[in-house]
1. Which residues, counting only those in segment 63-77, are farther than 15 Å from ASP50 by Cα and among the β-branched types (Val, Ile, Thr)?
2. Using the structure shown, decide if LYS39 is surrounded by 10 or more Cβ atoms within 10 Å (Cβ to Cβ), modelled with pLDDT of 95 or more and part of a helix (DSSP H, G or I).
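The values are calculated or read from the model by the stated rules, or taken from the named source; none is laboratory data. Quantities reported herein were computed from a predicted structural model and do not represent experimental measurements. Neighbour counts run over all protein chains shown; Cβ positions are idealised from the backbone, glycine included.
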Amino acid sequence: MSTTPSLQQLLKEKKISAKTMERVQIAKSYIEKKYRMKKMQEEEKKKDWDQFNKKMEELNLSMKEKEIIKKDVIKKEADLLRQG
């Protein structure tokens, strides 16, 4: 059992103001949205790389060719991130 009082309990006991409670809720919402979007972006990136690797397999490229292409894609992706 936790000894830390909940925010609702603190609000009821007037240990924090309604304004503080509102700020906490806004911050919580912002943080959750930010990390939800980050997770979606990472999942999309992984899906794209999986498709990329599948296409490379379909092309029957040598390991050397695959590595050269991957390095080129990673370099271009990094350049785009720097520009954006």
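1. Selection gives ILE68 alone.
2. Numbers: surrounded by 10 or more Cβ atoms within 10 Å (Cβ to Cβ): yes; modelled with pLDDT of 95 or more: yes; part of a helix (DSSP H, G or I): yes.
Against the criterion (surrounded by 10 or more Cβ atoms within 10 Å (Cβ to Cβ), modelled with pLDDT of 95 or more and part of a helix (DSSP H, G or I)), LYS39 qualifies.
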